[in-house]
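Take a look at the structure set out below.
The values are calculated or read from the model by the stated rules, or taken from the named source; none is laboratory data. All figures in this text were calculated on a predicted structure; none of them were measured in a lab. Note that each Cβ is placed from the backbone with ideal geometry, even for glycine, and that neighbours are counted across all protein chains shown.
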Amino acid sequence: MAAFLDSNISLGEVKLKVSRLDKSIRFYEEVVGLRVLAHDADNRTASFTADGQHALLVLEEIPNAAVPQRRSYAGLYHFALLVPDRRSLSLSLRNLLQSGIYIGQADHLVSEALYISDPDNNGIEIYADRPRELWKRDAGGNYVMASDPIAWDSLIAESGDAEWNGLPPETVIGHIHLHVGSLRESRDFYENKLGFDVVGDYAQMSAVFVSAGGYHHHIGMNIWAGAGATLPPSLTTGLDYFTIAFPSAAAREALLSHLCNEVAGVAEQDGAYIVHDPSGIAIRLVLNH
């Protein structure tokens, strides 16, 4: 871990651009299980929460927006909602099955994950971690991960007869996975400019995972949209920004002092600092609530 990045960072809100806010609100409430925290009809925005206080997701409707196919541009592959335990994941699975939506799934060894897409093809992962003492690393220091089938019947049975009432209050943004234009440039940025540790150099998958504090990954990046992929046109649905939250002003200032010598274009906006990665993806640097 680089000295200029605090190991106790977390991920904050993710902002997405959508084509129809009303449709997306229903989806994120009824299918995903978030609750509306604020809705500004005039500005066509809505924010969503799990605990009733902190925003995890912000949506903005873009009039006449184009909806791209998956893996078309640099930007979002998926954002990941981390639930506190397997029982919570089981309840989410049962609700997803009832909704009739297509569900992808994988046992990643470090976690069990469900994958869906919202009405604008924005990828979403809902997952639960296995205990950290069960995570393994290979000789190169990479976390040993897989995409094995989930023990489907076992997961469904985990919640018994409990009733689904949306995502639990402890739900957080666990990680974000990005399509980037260059793995080499992106790795250099997230490792040497922002200070994350590389915890997964998966050359066979054209992907790199980085984290702080020994987590299995806070940020994943891949070139599955093609080497040299660029951001979509502005009037397109997709990722607007994601957020890194710092435990103190001093922790954020330590990174900013380093960034000012390494990266051009760090800007302050509404109490946050904005920086862009080599693919042009916007990252907000904020203080934890």
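Does residue 154 satisfy being polar (S, T, N, Q), in contact (Cβ under 8 Å) with a residue 12 or more places away in the chain and either over 19 Å from residue 218 (Cβ atoms) or buried (at least 19 other Cβ atoms within 10 Å of the Cβ) (or both)? Full working, then the answer.
Values: polar (S, T, N, Q): yes; in contact (Cβ under 8 Å) with a residue 12 or more places away in the chain: no; either over 19 Å from residue 218 (Cβ atoms) or buried (at least 19 other Cβ atoms within 10 Å of the Cβ) (or both): yes.
No: the conditions fail for residue 154.
Note on region 230-257: residues that are in contact with a helix residue (DSSP H, G or I) (Cβ under 8 Å, 6 or more places away or on another chain) and part of a helix (DSSP H, G or I) total 0. Give the number of residues within region 263-281 that are modelled with pLDDT of 90 or more and closer than 23 Å to residue 73 by Cα. Summing the residues that are modelled with pLDDT of 90 or more and closer than 23 Å to residue 73 by Cα in region 263-281 gives 8. Just one of the listed residues (57, 37) is at pLDDT 95 or above, in a strand (DSSP E or B), farther than 23 Å from residue 274 by Cα and not charged (D, E, K, R), namely 37.
Checked against (1) in contact with a helix residue (DSSP H, G or I) (Cβ under 9 Å, 6 or more places away or on another chain); (2) in contact (Cβ under 8 Å) with a residue 40 or more places away in the chain; (3) over 22 Å from residue 170 (Cβ atoms), residue 109 passes all but a single condition, namely (2).
Run down 195, 213, 226, 265 and say which single residue is crowded, with 18+ Cβ neighbours inside 10 Å and either under 17 Å from residue 181 (Cβ atoms) or out of contact with any Pro (no Cβ under 7 Å at 6 or more places or on another chain) (or both).
Values: 213 fails: crowded, with 18+ Cβ neighbours inside 10 Å; 226 fails: crowded, with 18+ Cβ neighbours inside 10 Å; 265 fails: crowded, with 18+ Cβ neighbours inside 10 Å.
Residue meeting the stated conditions: 195.
Restricting attention to region 19-69, the residues that are in contact with a strand residue (DSSP E or B) (Cβ under 7 Å, 6 or more places away or on another chain) and of a type in the set (Lys, Arg) total 3.
Within region 89-146, being part of a loop (DSSP other than H, G, I, E, B), among the β-branched types (Val, Ile, Thr) and either surrounded by 18 or more Cβ atoms within 10 Å (Cβ to Cβ) or out of contact with any strand residue (DSSP E or B) (no Cβ under 7 Å at 6 or more places or on another chain) (or both) holds for one residue alone: 110.
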